[in-house]
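The values are calculated or read from the model by the stated rules, or taken from the named source; none is laboratory data. Keep in mind it's a predicted model, so treat the numbers as computed, not measured. In this analysis, Cβ positions are derived from the backbone assuming ideal geometry, glycine residues included, and neighbour counts consider all displayed protein chains. Heavy atoms of the whole protein, side chains included, go into the accessibility calculation; ligands, DNA and RNA do not. Shrake-Rupley method; radii C 1.70, N 1.55, O 1.52, S 1.80 Å.
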Amino acid sequence: ALYHPTEGYYSSGAPLEAHQDFYTSPGSHPAFGALIALQLEQMWHLLGMPSPFWIVEQGAGSGLLSQGVMSFLQSYSPDFYQAATYVLVDRTAPSTAKNKTDTYCWVRSSTLPFSNLRGCILCNELLDSFPVHRVVAKGGRLQEIYVGLEGDRLVEVTDEPSTPMLSQRLEESRRAGLAEGQQAEINLGIEPWLKEASNALSAGFLLNVDYGDLAPALYAPHRRLGTLLGYYRHTESYDPFAHLGYQDLTAHVDFTAVINAGRKHHFKEAGFTTQRDFLLNLGIRGFIAALGKLDISQPVSDANRFAMMELINPEGLGKFKVLAL
């Protein structure tokens, strides 16, 4: 549905910029990239200011985040800008993708084909687009929800789990089973991805921004239908079989699973918080206050202020989570 080479939502040949079913923090305002740049600069100092300092953004999409980061660094911290090499990794790349330069490089890949890097692997809304197994508790047992066919119609079919790793993940993350009839999603791609990330770095950080929660909140009984959602023309859809190839499909990230899997592959938790608190700690209020000192019209100032406030809106992008390993 997402990555079929000719019919998938992200792979159909339409420019990435044409997908308007959702909006992301980098697309809301360049201040998001600038504030991420401040965090990256601190990481650079903590690692002893290596040159090169690799910034590897996996799932880079249209490249908006890289533009926000590097354009800010060029004026704010020329020394770090010179040391930084930004690698954008994605299965596809926009038609405007830059060729390799001193500071930029596009890599078309669904993996992290690197080793011995010092720097940061950066991911904004990556894990929510990984494939997931769907499960449901029935009769006190865990069942998997498969895709079946009735005539020419796709339907849900429940049966025994395809792998014992599904029950194992729930046990590791939640220490308890699901409530009767409760559905959930399990992303078994998290640990292989973290193993890749660990192999790519000799020393450094992984910074992950996404929507999701720690396991006790993610698998709480009130989430009876899980978190799988489609987004079609800015409208939420609870039917994953609707608009196939034309709607984005996502599931919330189990950050407990990310932390646990990270420990198995030499990572340790450096911080976990909301995007709102993360950006407030990095100084977004100063960016907003600086608008009053710029020679711009009031409507332009108001539009910028509104966009920056959306980044920390506790009911919107501000409730995203940020995990540093």
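I'd like the full set of residues that are touching a Ser or Thr at 6+ places or on another chain (Cβ under 9 Å) and either more than 23 Å from Thr273 (Cα to Cα) or not hydrophobic (A, V, I, L, M, F, W, C) (or both), limited to the range 300-314.
If the condition is that a residue be touching a Ser or Thr at 6+ places or on another chain (Cβ under 9 Å) and either more than 23 Å from Thr273 (Cα to Cα) or not hydrophobic (A, V, I, L, M, F, W, C) (or both), then Glu310, Pro314 are the ones that fit.
List pairs: first in the range 215-226 and within 17 Å of Arg134 (Cβ to Cβ), second in a helix (DSSP H, G or I) and β-branched (Val, Ile, Thr), Cβ under 8 Å, 6+ apart or cross-chain?
Within 8 Å, the pairs are Ala215/Thr256; Leu218/Thr256.
If you take the residues in the range 275-299 that are among the β-branched types (Val, Ile, Thr) and modelled with pLDDT of 95 or more, which one is farthest from the chain's Cα centre (by Cα)?
Ile288
Examine the range 180-195 for a residue that is of a type in the set (Lys, Arg) and under 22 Å from Thr111 (Cβ atoms), and state whether such a residue exists.
Yes, some residue in the range 180-195 is of a type in the set (Lys, Arg) and under 22 Å from Thr111 (Cβ atoms).
Conditions (1) more than 30 Å from Val56 (Cβ to Cβ); (2) without any contact (Cβ under 8 Å) to a residue 24 or more places away in the chain; (3) open to solvent by less than 50 Å² (accessible area, probe 1.4 Å); (4) more than 16 Å from the chain's Cα centre (by Cα), marked per residue:
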| position | (1), (2), (3), (4) |
| --- | --- |
| Val135 | yes, no, yes, yes |
| Gln143 | yes, yes, yes, yes |
| Gly151 | yes, yes, no, yes |
| Thr158 | yes, yes, no, yes |
| Arg169 | no, no, yes, yes |
| Ala179 | yes, no, yes, yes |
| Leu194 | no, no, yes, no |
| Leu229 | no, yes, yes, no |
| Phe241 | yes, no, no, yes |
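Just to be sure, is Gln58 under 25 Å from Leu249 (Cα atoms), buried (at least 17 other Cβ atoms within 10 Å of the Cβ), modelled with pLDDT of 95 or more and not charged (D, E, K, R)?
Taking the combined requirement at face value, the residue satisfies it.
Between Asp277, Asp213, which is acidic (Asp, Glu), out of contact with any Asp or Glu (no Cβ under 9 Å at 6 or more places or on another chain) and open to solvent by 20 Å² or more (accessible area, probe 1.4 Å)?
Asp277
For the range 220-258, which positions are over 23 Å from Cys123 (Cβ atoms) and of a type in the set (Phe, Trp, Tyr)?
Tyr232, Tyr238, Phe241, Tyr246
I'm checking my understanding of the structure. Among residues of the range 61-88 that are among the hydroxyl-bearing types (Ser, Thr, Tyr) and modelled with pLDDT of 95 or more, which one is farthest from Val322 (Cα to Cα)?
The selected residue is Ser75.
Kindly indicate whether Thr235 is in contact with a helix residue (DSSP H, G or I) (Cβ under 7 Å, 6 or more places away or on another chain), among the β-branched types (Val, Ile, Thr) and either over 30 Å from Phe72 (Cβ atoms) or open to solvent by 20 Å² or more (accessible area, probe 1.4 Å) (or both).
no
Being over 11 Å from Met308 (Cα atoms) and either open to solvent by 100 Å² or more (accessible area, probe 1.4 Å) or among the acidic types (Asp, Glu) (or both) is the filter here; which residues of the range 280-293 pass it?
Those that are over 11 Å from Met308 (Cα atoms) and either open to solvent by 100 Å² or more (accessible area, probe 1.4 Å) or among the acidic types (Asp, Glu) (or both): Asn281, Lys293.
Consider only pairs whose beta carbons are under 8 Å apart and that are at least six residues apart or on different chains; among these, list those whose first residue lies in the range 248-268 and is at positive phi and whose second residue is surrounded by fewer than 23 Cβ atoms within 10 Å (Cβ to Cβ) and not in a loop (DSSP other than H, G, I, E, B).
Close Cβ pairs satisfying both conditions: His266/Ser198.
Would you check if Pro221 is open to solvent by 60 Å² or more (accessible area, probe 1.4 Å) and more than 16 Å from Val136 (Cβ to Cβ)?
So Pro221 does not fit the description; no.
When you go through Phe72, Phe130 one by one, which is the residue that is out of contact with any strand residue (DSSP E or B) (no Cβ under 7 Å at 6 or more places or on another chain), closer than 22 Å to Thr250 by Cα and open to solvent by 20 Å² or more (accessible area, probe 1.4 Å)?
Of the residues listed, the single one that is out of contact with any strand residue (DSSP E or B) (no Cβ under 7 Å at 6 or more places or on another chain), closer than 22 Å to Thr250 by Cα and open to solvent by 20 Å² or more (accessible area, probe 1.4 Å) is Phe130.
If you take the residues in the range 129-169 that are among the hydrophobic types (A, V, I, L, M, F, W, C) and touching a Ser or Thr at 6+ places or on another chain (Cβ under 7 Å), which one is nearest to His243 (Cα to Cα)?
Ile145
Does Tyr211 qualify as being more than 30 Å from Gly33 (Cβ to Cβ) and aromatic (Phe, Trp, Tyr)?
No, not satisfied.
Among Ala200, Ala270, which is within 22 Å of Gln39 (Cα to Cα), at pLDDT 95 or above and open to solvent by 20 Å² or more (accessible area, probe 1.4 Å)?
Of the residues listed, the single one that is within 22 Å of Gln39 (Cα to Cα), at pLDDT 95 or above and open to solvent by 20 Å² or more (accessible area, probe 1.4 Å) is Ala270.
Is there any pair with a first residue in the range 288-307 that is farther than 14 Å from His29 by Cα and a second that is among the small types (Gly, Ala, Ser) and surrounded by 11 or more Cβ atoms within 10 Å (Cβ to Cβ) whose Cβ atoms are under 8 Å apart and which are 6 or more apart or on different chains, and what are they?
The qualifying pairs are Gly292/Ser301; Leu294/Ser301.
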